[in-house]
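Novice: First the structure, then my questions, so here it is.
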Amino acid sequence: MVNKPSKADKKIAYDAKLCQLLDDYSQILIAAADNVGSTQLQNIRRGLRGDSVVLMGKNTMMKRSVRIHSEKTGNKAFLNLIPLLQGNVGLIFTKGDLKEVSEEVAKYKVGAPARVGLVAPIDVVVPPGNTGLDPSQTSFFQVLNIPTKINKGTVEIITPVELIKKGEKPRCS
């Protein structure tokens, strides 16, 4: 059987990798990784392959490694990264133009349905207009407090209804 590396060995390897990347690459982009799936992240890594490297990890390990590297090299500019390492973030190291890297990452951005418990990134509004539903479905809209009228044998929403505001958590209803 092959021995698995210990946690300490993994941390040392991660620290060495981050320090090497800080030495090799001149620019760093911090990317929020909330609601990013593994295949989406894999596609981003594949798209950036060549001139950029994506590094994910635990924030405390990243902060510790940056602090140690800053002390070793005497470069205090790296310390500016530490307050930015909050939440689910990753570091993208690049030698190229930050705008091009940012545009490449934006190519892989996809919409996702709202899920209970997650913060809504945008406002969700139901626009007024014909729904195409038959009049027997009006009770569904009444339960949701959506004003409707019956027009030409179909249910029509009268006014725009805001379902979720940006920054709120969707409820079960």
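Novice: Can you name the residue in the stretch 24-53 that is assigned to a helix (DSSP H, G or I) and in contact (Cβ under 8 Å) with a residue 12 or more places away in the chain and is also nearest to Ser70 (Cα to Cα) among such residues?
Specialist: Asp24
Novice: Would you confirm whether or not the stretch 44-66 contains a residue that is closer than 27 Å to Asp123 by Cα and surrounded by 12 or more Cβ atoms within 10 Å (Cβ to Cβ)?
Specialist: Yes: one or more hits.
Novice: Shifting gears a bit: Which of the strands (runs of 3 or more DSSP E) found entirely inside the stretch 68-173 contain at least 2 residues meeting this: of a type in the set (A, V, I, L, M, F, W, C) and modelled with pLDDT of 85 or more? Show your work before the answer.
Specialist: Working: elements: 89-94, 124-126, 148-151, 154-157, 161-164.
It comes to 89-94, 154-157.
Novice: Could I ask something else about it? Pick from Val126, Val89, Val105, Val101: which is over 30 Å from Asp23 (Cα atoms) and in contact (Cβ under 8 Å) with a residue 24 or more places away in the chain?
Specialist: Details: Val89 fails: over 30 Å from Asp23 (Cα atoms); Val105 fails: over 30 Å from Asp23 (Cα atoms); Val101 fails: over 30 Å from Asp23 (Cα atoms).
Result: Val126 is the single residue among Val126, Val89, Val105, Val101 that is over 30 Å from Asp23 (Cα atoms) and in contact (Cβ under 8 Å) with a residue 24 or more places away in the chain.
Novice: Let me ask you something else. Select from the stretch 22-42 the residues that are in contact with a helix residue (DSSP H, G or I) (Cβ under 9 Å, 6 or more places away or on another chain) and closer than 29 Å to Arg115 by Cα and list them in ascending order.
Specialist: Let us first name the residues in the stretch 22-42 that are in contact with a helix residue (DSSP H, G or I) (Cβ under 9 Å, 6 or more places away or on another chain), namely 22-23, 27-31, 33, 36.
Result: Leu29, Ile30, Ala31, Ala33, Val36.
Novice: Which of the residues that make up the stretch 70-107 are in contact with a strand residue (DSSP E or B) (Cβ under 8 Å, 6 or more places away or on another chain), of a type in the set (Gly, Ala, Ser) and crowded, with 16+ Cβ neighbours inside 10 Å?
Specialist: Gly90
The values are calculated or read from the model by the stated rules, or taken from the named source; none is laboratory data. Since the structure is predicted, the reported quantities are computational estimates derived from the model, not experimental observations. Methodologically, a virtual Cβ is constructed for each residue, glycine included, from the backbone with ideal geometry; neighbour enumeration extends over all protein chains shown.
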